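The values are calculated or read from the model by the stated rules, or taken from the named source; none is laboratory data. Given the structure is predicted, the values throughout are model-derived calculations rather than measurements. For neighbour counting, all protein chains shown are included, and Cβ atoms are generated from backbone atoms with ideal geometry for every residue, glycine included. To get the accessible areas, we keep the full protein, side chains included, count just its heavy atoms, and leave off ligands, DNA and RNA. Shrake-Rupley method; radii C 1.70, N 1.55, O 1.52, S 1.80 Å.
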Protein chains: 2
Amino acid sequence: MSWLDDIKWDRDGLVPVIAQEAASGDVLMLAWMNREALALTAARGQAVYWSRSRRRLWHKGEESGHFQQVHDIRLDCDADVVLLKVTQLGHDPGIACHTGRHSCFYSALNGDRWQAVEPVLQDPATIYRR
Amino acid sequence: MSWLDDIKWDRDGLVPVIAQEAASGDVLMLAWMNREALALTAARGQAVYWSRSRRRLWHKGEESGHFQQVHDIRLDCDADVVLLKVTQLGHDPGIACHTGRHSCFYSALNGDRWQAVEPVLQDPATIYRR
């Protein structure tokens, strides 16, 4: 599909993908997609990433039930970053982070150290039961 | 500084950095920083990136006057992505993109093609005069 050819994949065949919560505007996470993951994301309307650590496709929510419904797929001016507008499913408020937090960006620079400033909404031990 | 050591720099010594407009929540751009760029960003309170194409530090706004005032610096759970909450200075509404648009993420996937869906706020020819 030609729209996939428009993307400047990096030397590993990946592109960074930002997931932003559509309703709140909160930036939830950044993960990576290869060509197959982005094609699947567009076809299913749910986010499918490429896990660099596990080296396999990762249908977000496959273990937690916290799927991401995709409303909008954006590409930046250099065609090397993708932005998804999503609804984070499975919990209210949505939990995107494997630590049980809303967003992965819960550490804030405070002086010369990082400090966790967002609450854990659900114990991860109760999320990853499957 | 130890907070810089907490970051998992990639094999090129870089980290991807998302700039989000503090007031609106809009995701403006993604660029990259090396250790020096992030240290300068924190010290100055203005975004300083590493330009991969020009291979030099890039004080955002140095040519356009469109500086980014940094209110908050966040790190994600894997310590390999940074999120800045910024005010995009120099124009109202803010212009983060070199095309003269508010955000770099102005191309939306529409069926099987990318379509520009955000207006040009200022002609780039009049932005890059210096």
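General remarks:
- Residues satisfying the stated conditions in the range A:82-100, i.e. hydroxyl-bearing (S, T, Y), within 14 Å of chain B (Cβ to nearest Cβ) and out of contact with any Cys (no Cβ under 9 Å at 6 or more places or on another chain): none
- Selected residue (only one of B:L109, B:L84, B:L121 is within 25 Å of A:A108 (Cβ to Cβ), among the hydrophobic types (A, V, I, L, M, F, W, C), touching a strand residue (DSSP E or B) at 6+ places or on another chain (Cβ under 9 Å) and at pLDDT 95 or above): B:L84
- When the range B:31-44 is filtered for residues that are within 22 Å of B:T99 (Cβ to Cβ) and open to solvent by 20 Å² or more (accessible area, probe 1.4 Å), only B:W32 remains.
- In the set (1) within 21 Å of A:V17 (Cβ to Cβ); (2) open to solvent by less than 30 Å² (accessible area, probe 1.4 Å); (3) aromatic (F, W, Y), the condition left unmet by B:W9 is number (2).
- Among residues of the range B:11-50, those that are away from every other protein chain (no Cβ under 13 Å), farther than 16 Å from B:G61 by Cα and outside any loop (DSSP other than H, G, I, E, B), counted: 2
- Every test in (1) in contact with an Asp or Glu (Cβ under 6 Å, 6 or more places away or on another chain); (2) over 19 Å from B:L109 (Cα atoms) is passed by A:K8 save one, and that test is (2).
Here is a yes/no grid of residues against (1) farther than 25 Å from B:R52 by Cβ; (2) modelled with pLDDT under 95; (3) of a type in the set (S, T, N, Q):
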position	(1), (2), (3)
A:S24	yes, no, yes
A:M29	no, no, no
A:E36	yes, no, no
A:A47	yes, no, no
A:W58	yes, no, no
A:H71	yes, no, no
A:D78	no, no, no
A:Q88	yes, no, yes
A:R101	yes, no, no
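- Filtered residues of the range B:80-130 (kept if among the aliphatic types (A, V, I, L, M) and over 21 Å from B:E62 (Cβ atoms)): B:V81, B:L83, B:A108, B:L109, B:A116, B:V117, B:V120
- Hits in the range A:60-79 (condition: away from chain B (no Cβ under 14 Å), open to solvent by less than 40 Å² (accessible area, probe 1.4 Å) and assigned to a strand (DSSP E or B)): A:Q68
- Residues in the range A:1-27 that are within 21 Å of B:D80 (Cβ to Cβ) and polar (S, T, N, Q): A:Q20 only.
- Residue check, B:A47 crowded, with 16+ Cβ neighbours inside 10 Å and touching a helix residue (DSSP H, G or I) at 6+ places or on another chain (Cβ under 6 Å): yes
- Filter result for B:Q88 (surrounded by fewer than 16 Cβ atoms within 10 Å (Cβ to Cβ) and farther than 27 Å from B:S2 by Cα): no
- Test: residue in the range A:113-122 that is open to solvent by 50 Å² or more (accessible area, probe 1.4 Å), part of a strand (DSSP E or B) and within 9 Å of another protein chain (Cβ to nearest Cβ): yes
- Residue that is farthest from the chain's Cα centre (by Cα), among those in the range B:89-126 that are β-branched (V, I, T) and over 25 Å from A:A39 (Cβ atoms): B:T126
- Among the residues here, B:S103 qualifies as surrounded by 14 or more Cβ atoms within 10 Å (Cβ to Cβ) and facing chain A (nearest Cβ under 9 Å).
- Positions within the range A:52-92 being within 30 Å of B:G100 (Cβ to Cβ) and basic (K, R), in sequence order: A:R74, A:K85
- The range A:101-130, residues that are closer than 22 Å to B:L84 by Cα and in contact (Cβ under 8 Å) with a residue 24 or more places away in the chain: A:H102, A:S103, A:C104, A:F105
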